[in-house]
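The values are calculated or read from the model by the stated rules, or taken from the named source; none is laboratory data. None of the values given here were measured: they were computed from a predicted structure. Accessible surface is based on the protein model in full, side chains and every heavy atom, while ligands, DNA and RNA are left aside. Shrake-Rupley method; radii C 1.70, N 1.55, O 1.52, S 1.80 Å.
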Amino acid sequence: MIREKRRKANAPIVVFGALNFVFAGICFLWSALNTSALIYGIFYSGDTEEKVKRGAIGLAILAFPGVMGVIVYSVAGLGLLKRWKLGYYVHLVGAVLAAFSCIGLIYTIFAFIYAFRPGFFEEFSPASEMEAGFSAAESKW
């Protein structure tokens, strides 16, 4: 009852949760692009075995940040929307990772501005549930 009310109350959490899913989608597209290039290089390029091996290693290195981004941003988005404390911290990690791109730097600035506001952070602390009237037994239920 109160938990549902809290989910609807904080719009920045919903916005940042959705943005994390957008970033996860972009990372997925990056990984899919590298995977398709890898498949082409292995099966259709006609290159020598040594060139294929070097290309596969290079594409694996390029695809790794995308795969990690899918994991980090998906967990952050789901964690924010479900109000998991881990989701809050993974959101901060994702904001730091986004700082390594030009557009992501703008996202990082706003993510930190909102993340450290008391209303944003309190949504993820167990103390806020206790203040809202939950007992320890009710919060497990």
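Per-structure values
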| item | result |
| --- | --- |
| Phi to ³J(HN,Hα) by Karplus 6.51 cos²θ - 1.76 cosθ + 1.60 over the range 80-86, Hz, x for Gly, Pro | 5, 5, 8, 6, 7, 4, 4 |
| Cα gyration tensor of the range 45-115 - equivalent ellipsoid semi-axes, whole Å, descending | 34, 14, 7 |
| Lys85 - accessible surface, heavy atoms, 1.4 Å probe, Å² rounded to 10 | 80 Å² |
